[in-house]
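See below for the structure under consideration.
The values are calculated or read from the model by the stated rules, or taken from the named source; none is laboratory data. Everything numeric here is computed off the predicted structure, so don't read it as measured data. A quick note on method: Cβ atoms are made from the backbone with ideal geometry, for glycine too, and the neighbour counts reach across all protein chains shown.
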Amino acid sequence: MKGVEEISTRQAFRIPLQGAPAPSGWAVKYLSGMEEKSDIKPGYWLQWFEDPRGPILRFTPELLMTFGDGEEAKRVSATLHASDIKTEIVKV
């Protein structure tokens, strides 16, 4: 993984919301490149957080985030690929 800094991220919480819409749009699915330094597995989904120093990315088993624009998802995937992290774009 080129140019990837490991950081601790915020905690996440599951809160049941009746009637919440299912995720739709475009999602980024992890394929390979980070197994040696993390517990990320192929098939995990990208999450994105904004930070003053730049975006923070992580992969989780649950699909929690989608992009409304397929081109934006492709740009993120290409950026990850430049760091030797292989992903695919999935329409959900």
Quick one: in the stretch 46-59, which of the residues that are out of contact with any Lys or Arg (no Cβ under 6 Å at 6 or more places or on another chain) and farther than 15 Å from Gly3 by Cα is surrounded by the most Cβ atoms within 10 Å (Cβ to Cβ)? Leu46
Residues satisfying the stated conditions in the stretch 11-64, i.e. under 9 Å from the mean Cα position of the chain (by Cα), closer than 14 Å to Ser83 by Cβ and free of Cβ contacts under 8 Å to residues at least 40 places away in the same chain: Leu57, Phe59
If we keep just the residues of the stretch 11-40 that are at pLDDT 90 or above and not in a loop (DSSP other than H, G, I, E, B), which is surrounded by the most Cβ atoms within 10 Å (Cβ to Cβ)? Val28
